[in-house]
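Remarks on the structure that follows.
The values are calculated or read from the model by the stated rules, or taken from the named source; none is laboratory data. The model shown is predicted, which means the values in this text are computed figures rather than measured ones. As a convention, Cβ positions derive from the backbone with ideal geometry for all residues, glycine included, and neighbour counts pool all protein chains shown.
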Amino acid sequence: MFDHQSLRRLLWCLIGFTGLIFATKPLSFAFYYGANPPLDALKVFGNIIVEPDNVVNPPASDTAQNNSGARWYAYVALGETNPSRKYYPKIPKAWMLGKNQTWGSAVMDQAAPEWPDFFLAHVIAPLWKQGYRGFFFDALDSYTLFVSEPEQRARQAAG
């Protein structure tokens, strides 16, 4: 298992590597959040973003199941957490800014010093173990639902 510092380094390397891929490769994306993705229909896309709770074992790029060479990405909401997530009960309530009524999820305090390590250990590391090597981050700006002061917004963005 990775220690927290190694996970942070890995995450930054993945973000940089993903940027290189997107900068040098034609872009085609499919977003499929349902269960049992239709592989034949999706293989025309170079990048497939899925809900990882619905695709526990993504096809590796070198398997017959993924003969198109598509890259699979796990959808990850960085700034929000839904109560259906396995790790949700482990999140201290003090790290929650409030509830996003639209999605029924908790908006996270990204400035909480322990949040990055928790996120890496409880979200990214398990997905890595499942076989994901790419991550599609969403909800990074959800804090704007609850934080309006410029200084506080800057702290959230930095977090």
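Note on the stretch 146-158: residues that are surrounded by 17 or more Cβ atoms within 10 Å (Cβ to Cβ) and not polar (S, T, N, Q) amount to 1. Just one of the listed residues (132, 73) is closer than 22 Å to residue 34 by Cα and in a loop (DSSP other than H, G, I, E, B), and it is 132.
Residue 144 meets all of the listed conditions (1) of a type outside the set (D, E, K, R); (2) part of a loop (DSSP other than H, G, I, E, B); (3) more than 14 Å from the chain's Cα centre (by Cα) but one, namely (2). Pairs are defined by a Cβ separation below 7 Å, a sequence spacing of at least 6 or placement on different chains, a first member in the stretch 118-133 that is on the phi > 0 side of the Ramachandran plot and free of Cβ contacts under 8 Å to residues at least 24 places away in the same chain, and a second member that is hydroxyl-bearing (Ser, Thr, Tyr) and buried (at least 17 other Cβ atoms within 10 Å of the Cβ); no pair meets this definition.
Of all residues being under 13 Å from the mean Cα position of the chain (by Cα) and among the aliphatic types (A, V, I, L, M) in the stretch 66-100, which is surrounded by the fewest Cβ atoms within 10 Å (Cβ to Cβ)? Just the residue, please. Filtering first and then ranking leaves 76.
Which is within 17 Å of residue 74 (Cβ to Cβ) and modelled with pLDDT under 95, of 140, 120? Just a single option satisfies the conditions, and that option is 140. Per this entry, residue 107 is counted among residues that are modelled with pLDDT of 95 or more and in contact with a strand residue (DSSP E or B) (Cβ under 6 Å, 6 or more places away or on another chain).
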